[in-house]
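Following: one structure in structure tokens, then a few remarks.
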Amino acid sequence: MKGGERMKDLGNPNIDLSRFLNTSGTHNIGGKRVDATAMMNNISMVSMRINADNVEHVKYLTTEGLTKDQRLAYVRNLSNEFGVDVFEFSTCNRVLYVGFSSDIERLKQAVLSSTSLEDAPFDSFTGIDVWRHLVKVCSGLDSFIMGELQVMSQFRGAVSWHRKNGLLSDINSSFFEHVVSGNRIIRKHFDFNQTTESMLNLATTAMVEALEENQNSSIVILGYGEMGRKASQVLVSLGQTNHTIVSRNPEKSRNRKLEGSESVQFISFDEWHGSTFEVNMVISTVRNTTPMYDADTQLPVISKARVMDFSWPPSIDTSALHEGQVLYGMEHWIRAAHRLGIEWDYQTIIDQSEQLIHDIEKKYMGALTDKSNAQFRSHMYTAMEKLSQSWVEEQSSDDSHAAQYGPFSREIATWICNQEGPFSIDQLQEMVLSTDRPFDTILLKRVASDVTESILLMNQRATLSEAKP
């Protein structure tokens, strides 16, 4: 009996179309079809968040302080060294490199070689872990400033800059779109769109506290870039319009002064360095690869002063200070943000975010397989629809049932798509022949034969593209 069953199986083989399901979907990006899961698996990243142990390494690895041309040359040389696209992202408290290759050791060596470092305490990620970590970074979950809003803006700006300069292909930059999508969900869930604990707001709080202690403060801002303008804006809003801004181009900066800042003075760095000043607050926002002020070049301030350095890398070393002066640098802002983190119940949010990111990841990866399933369903319905058209053409023009061939073909396609595992030819033919539709026996046998032939041919193909009807 068992032998007979085996012979029957050999003569009537099962049909298994499951290989066309639950596989990674393909995306059309820049006119090319891309396997999304294969792309995800072919990504690696090295990252470093600044702390007391790695700060010297970060100074070599960050592009903060470089000019646009210097950064472009650096990243382009790094990509050439690695042999594929490399994405570089530096902020005031982290640096990371994403390479579009699964060889993370090659990525490490390329970065080290480009920075003249022999070794560095990187955190390493590959595959979906790269996506997961970048979502955390962009959501401020991997920051000492919880929910920091400016990181996402910086990240999107970095992606745009890489694309504009030909450092990222359309295919590779599409990966970062999924990072941005995950970040939006995180921000909405935790209401991070309303958070105020950014570096600017830490700075604002510090300035307000200082002004409360001394209403008649004499203040100097070093640098008039984005952060310098914001610092001046805060001071003006607090009624401190009589402050001085030191700029590399005072005339240009003067033309960009803010409304209500008519009393603000603009001087050059030569003027600043050529005199000594009595001020009680210095706010530095200058961008430099090394400290502008150190033991050899001390601050030209002789009075007691609170010195706030918002630059990264640091623009002022402690050796640049005079007696009675106090430096508030990156370590101070980290401690200040940590206090805010306690108020936030940081650990609870981190724990909740891990589960949320896991759920987003499942939906993201599920979307990739859903896409392949949709492609399979589309293929099946198209194939059956073409068969139904041939049935219409071969019947007489007065066939009263011709309008039912299309719906019947869709019923057959639906039945095939709903099979969760292998099925036999007998099961397929039984489904066709047992219909309640008013077709004659000869037509039904023809339909069963055409459908069986089509599905058997599909069953012999390795991919859907090979099985196109």
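Measuring between alpha carbons in the structure, the pairs from Lys363/Lys386; Lys108/Lys136; Lys108/Lys188; Lys68/Lys108 lying more than 30 angstrom apart are Lys363/Lys386; Lys108/Lys188. Estimated at 0.36 nm per residue, the fully extended path between Glu393 and Ile302 surpasses their Cα-Cα distance by 23.0 nm. Spherically averaged projected area of the convex hull of Cα atoms, the stretch 199-343: 8.6 nm². Modelled spin labels at Glu262 and Ser116, positioned 7 Å past Cα toward Cβ, are 5.1 nm from each other.
Each label was represented as a point 7 Å from its Cα along the Cα-to-Cβ direction; for Ala374 and Asp170 these points are 1.9 nm apart. Taking 0.36 nm per residue of sequence separation and removing the Cα-Cα distance, the Asp69/Glu271 pair yields an extension gain of 69.9 nm. Treating r as the C-beta distance of Trp415 and His189 and R0 as 35 Å, the FRET efficiency rounds to 0.30.
In this label model, Thr348 and Glu226 are separated by 3.3 nm, measuring between points 7 Å along each Cα→Cβ vector.
Summary value for the stretch 199-343: 21 percent relative contact order, contacts being C-alpha pairs under 8 angstrom separated by 6+ residues. Counting Lys and Arg as +1 and Asp and Glu as -1 over every other residue whose Cβ lies under 12 Å from the Cβ of Gln355, the net charge comes to -3.
Read-outs throughout are calculated quantities, based only on the coordinates presented, and are distinct from any laboratory measurement. Everything numeric here is computed off the predicted structure, so don't read it as measured data. Counting neighbours? That spans all protein chains shown, and the Cβs are built from the backbone with ideal geometry, glycine included.
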